[in-house]
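For reference, the structure discussed in these notes is given below.
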Amino acid sequence: MTALAFDSYSEGRAHFKELLDAAESGRPALVRRDGSPSAVVDAERLRTLLTDSLAVHPSVVAEAGGWSIFVAGVPVAAEGASFDEALEEMVDALREYAEDWQDHLLNAPNHRDNWALVQLVSLSENDQLKKWLVGASA
């Protein structure tokens, strides 16, 4: 079976339900705008793929009577007196970074490659992010 593909956003809009149905079932679904293709994918499938394959990995460290969490190569870190407090702070820091990235960092040379991390943060619930942070299946 070939991908469901529409050559214009008008055509895609007219067949939006088909695009969503294809995405939900895991079939490739594409819409072109000015020749540039965009994929329509099921959000949970994408989140799972990102969780399993993201190139950046968080580190959790016990130090100085508390906990620190950071992601190497990404300007996001958190600390807390307890492990759970550090996790909460890190989720907040990741959400703030994702907002900043979407607002003004997405084209900055030292941030543009963090697209996948921002997608993961945006598609995840807080508990899912906490599981990712500690290396558990989300």
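A few notes on this one:
- Subset of the stretch 26-74 [β-branched (Val, Ile, Thr) and closer than 22 Å to LYS130 by Cα]: THR48, THR51, VAL56, VAL60, VAL61, ILE69, VAL71, VAL74
- Test result for SER124, hydroxyl-bearing (Ser, Thr, Tyr) and either closer than 20 Å to ALA23 by Cβ or in contact (Cβ under 8 Å) with a residue 40 or more places away in the chain (or both): yes
- Flag for LEU46 being under 30 Å from THR2 (Cβ atoms) and touching a Lys or Arg at 6+ places or on another chain (Cβ under 6 Å): no
- Cβ-Cβ under 6 Å pairs, at least 6 apart or on other chains, the stretch 1-29 side under 10 Å from VAL40 (Cβ atoms), far side of a type in the set (Asp, Glu): ALA23/ASP42; GLU24/ASP42
- Selection count where residues are within 17 Å of SER124 (Cα to Cα), touching an Asp or Glu at 6+ places or on another chain (Cβ under 6 Å) and of a type outside the set (D, E, K, R), scope the stretch 7-66: 0
- Yes/no for ALA98 being within 17 Å of the chain's Cα centre (by Cα), at pLDDT 95 or above and not assigned by TED's automatic domain parsing to the domain that holds LEU20: yes
The values are calculated or read from the model by the stated rules, or taken from the named source; none is laboratory data. Quick caveat: nothing in here was measured; it's all calculated off a predicted structure. Here the Cβ is made from the backbone with ideal geometry for all residues, glycine too, and neighbour counts use every protein chain on show.
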